[in-house]
Structure formats: structure tokens, C-alpha cells
Amino acid sequence: MSQYYEIMIFTASHSCYANVILDYLDPNNEWIHHRLYRESCIQTRQGMNVKDLRIIKDRNLSDMVLVDNSGNSFGYQIGNGIPIAPYYDNKADKELLDLMEYLKQIRNEPDLRVPNKNTFKLHAYSKYVTPKEVLENVVFQN
């Protein structure tokens, strides 16, 4: 995806753990342009790590997305969030391939938050109390 986007890894993991994986994935530092770790997250009173994209200077929020398997991660900029299912050694998993297709489709949008809002409807989740209500009113509606 680095041919379409500037790739920044923003993880809630500690740098010593994350760097081992990132160095394996990008040994020549060709694709990952920046790395942010747990110390760049904001920790809530409940101990959850939230990634506030405003710490990334000289970048417009309309040009950034945050892909994460934890919805808490993009709580401060819900419109920038792209939820993804976690990977657990499932050889049939296609999440990253689907993500790539989505990112290719939106790459020329002037504000990436607009297609995110229309696709994922994360802004609507707060209207409902139970997961069942979310499923009935957001997830399974067109």
C-alpha cells in the first residue's frame, strides 16, 4: 500500500516487541515510513490505550485512517477508524486483502473520513445501548 499511502504504524505495543515484527516485515525500511508505540497512546482511567492522531504533526486528519482491531484505539477520531478483525492463525483469513481493496477504492477521496463514515457507520454505534441494538440498527441495515 506504500505506493498509494504514507504508511505509519501506530501500535499500542511496546517498541521492543513491535520493532521485532516491523523489522521482519520491512527489513530495508522501504514501506513503513514512521513508527509510533504505546508511549504515544493516551491511556484512559480504565487502562485502555487510545491513539490520538492529532499527535502526528503536519498531517491533515482528512488524509489519515487508523486501522485497528480495537475500536477503543480510534475513539478520539472515530471517523478515521477502520475496524478490522484480529488475526488468529486462520489460513482462510482475507481481512488484509479486503482492506487493501477498500484503501485502493478511497485513495483519491478528498476526505477519507467520508467513505469511512458511510462504510463503517461507527458514529451511529453510540446511539444504542446493547450489541444487539447495534446489529439490528447499524450493521444489518443498508
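The values are calculated or read from the model by the stated rules, or taken from the named source; none is laboratory data. This one's a predicted model, so the numbers in the text were calculated from it and none came from an experiment. Ideal geometry is used to build each Cβ from the backbone, glycine not excepted, and the neighbour counts take in all protein chains shown.
Within segment 109-139, being farther than 21 Å from Gln77 by Cβ, among the polar types (S, T, N, Q) and surrounded by fewer than 14 Cβ atoms within 10 Å (Cβ to Cβ) holds for one residue alone: Thr130. Restrict the check to segment 49-58 and report whether at least one residue is within 10 Å of the chain's Cα centre (by Cα), of a type in the set (D, E, K, R) and at pLDDT 95 or above. There is at least one residue in segment 49-58 that is within 10 Å of the chain's Cα centre (by Cα), of a type in the set (D, E, K, R) and at pLDDT 95 or above. Number of residues in segment 1-43 that are exposed (fewer than 12 other Cβ atoms within 10 Å of the Cβ) and in contact (Cβ under 8 Å) with a residue 24 or more places away in the chain: the value is 5.
Of the residues Pro131, Pro110, Pro83, the single one that is within 14 Å of the chain's Cα centre (by Cα) and either more than 25 Å from Leu36 (Cα to Cα) or not hydrophobic (A, V, I, L, M, F, W, C) (or both) is Pro83.
State which residue is nearest to Phe74 (Cα to Cα) when the search covers only segment 1-31 and only residues that are aromatic (Phe, Trp, Tyr) and assigned to a helix (DSSP H, G or I). Before the answer, list the steps.
To start, the set of residues in segment 1-31 that are aromatic (Phe, Trp, Tyr) comprises 4-5, 10, 17, 24, 31.
Add one more test, that the residue is assigned to a helix (DSSP H, G or I), and what stays is 17, 24.
Details: Tyr17: 21, Tyr24: 26 Å.
Ranking the qualifying residues of segment 1-31, first place goes to Tyr17.
Contact map, segment 51-62: first residue aliphatic (A, V, I, L, M), second residue in a loop (DSSP other than H, G, I, E, B), Cβ cut-off under 9 Å, separation 6 or more or different chains; pairs are Leu53/Arg59; Leu53/Met64; Ile56/Met64; Leu61/Asp111; Leu61/Leu112.
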